Amino acid sequence: MKKNSNRFLVGAFTVGAIIVLVSFTVFTGGFSSLRNQNERFVLVFHENMYGLYEGGKVTLNGVRIGRVERFFLGDAIEDGPVPVLIEINRKLVLRHMVEDGNEIFDQDGLFKKEIIPSLVGQLIQESFVTGILYVNLVTDELSDQADLSEPMLYGHRELRTKASIFAELSESINLDKLSKQFDKVIDGA
């Protein structure tokens, strides 16, 4: 009698645990990637990626629409570019998008084909204290020389990128001239 009740309790606990696990996975959207309903793009950054992590946020004009899914390392040894795979979460897009007259997304929450060539990704620093980076997508005017083909990388559509604000700033600073001016100030003091 006791063995039967113990087996029943173990079976009930196991079934309950499986139901809780499946419910949690469905509730948090874990199966959406298995159904391939979310869009994925690759962005190639030519700068230091320290502070960007898997699961980091991806925004469109500052509004969260996705996450960083993974990195592709090993294409080059020194100063190699870092391709990043991002996932655009359709649930987030559908929650935030306007339905009538939407110029960016179609009715299913996917980017319109004509808008994809104008998308540009940039690394943004979330906080100076933590140094955490995220990817922000913006739409940019296409130049006449823009590549309107659909470049693919690692099986996903590649989006253009531009340097982060800090990369642009470090390129514009002439360290040699700055150090000479600093030497003059020190000598004068």
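Arrange the peptides 150-159, 13-22, 56-65 so that the one whose residues have, on average, the most other Cβ atoms within 10 Å appears first.
Put in order of decreasing packing, that is 56-65, 150-159, 13-22.
Calculate, in nm to one decimal, what Lys162 and Val129 gain on full extension: separation in residues at 0.36 nm each, minus their alpha carbon distance. Walk me through the numbers on the way to the answer.
Numbers: separation 33, 0.36 × 33 = 11.88 nm, distance 2.35 nm.
Full-extension gain reported as 9.5 nm.
So between Val20 and Val138, what do we pick up on full extension, going 0.36 nm a residue minus the alpha carbon distance?
Working: separation 118, 0.36 × 118 = 42.48 nm, distance 3.91 nm.
Difference between extended and current length: 38.6 nm.
Quick one: which residues, 5+ away or cross-chain, put their amide H under 5 Å from the amide H of Ser164? H built at 1.01 Å from N.
Leu123
Which whole-Hz couplings ³J(HN,Hα) result when phi for each residue of segment 6-14 is put into the Karplus expression 6.51 cos²θ - 1.76 cosθ + 1.60, θ = phi - 60°, listed in order with x for Gly and Pro?
3J(HN,Hα) across segment 6-14, in whole Hz: 5, 4, 4, 5, 5, x, 5, 5, 5.
Keeping all protein chains in place and using 1.4 angstrom, which order do Lys180, Lys113 fall into by accessible surface area, from largest down?
Largest accessible area first, the residues go Lys113, Lys180.
For Asp106, what accessible area in Å² do you get when you roll a 1.4 Å probe over the heavy atoms of the protein chains, rounding to the nearest 10?
50
The values are calculated or read from the model by the stated rules, or taken from the named source; none is laboratory data. Predicted model only: the values in this text are computed from it and were never measured. Neighbour counts run over all protein chains shown; Cβ positions are idealised from the backbone, glycine included. Side chains included, ligands, DNA and RNA excluded: accessible areas come from the protein's heavy atoms. Shrake-Rupley method; radii C 1.70, N 1.55, O 1.52, S 1.80 Å.
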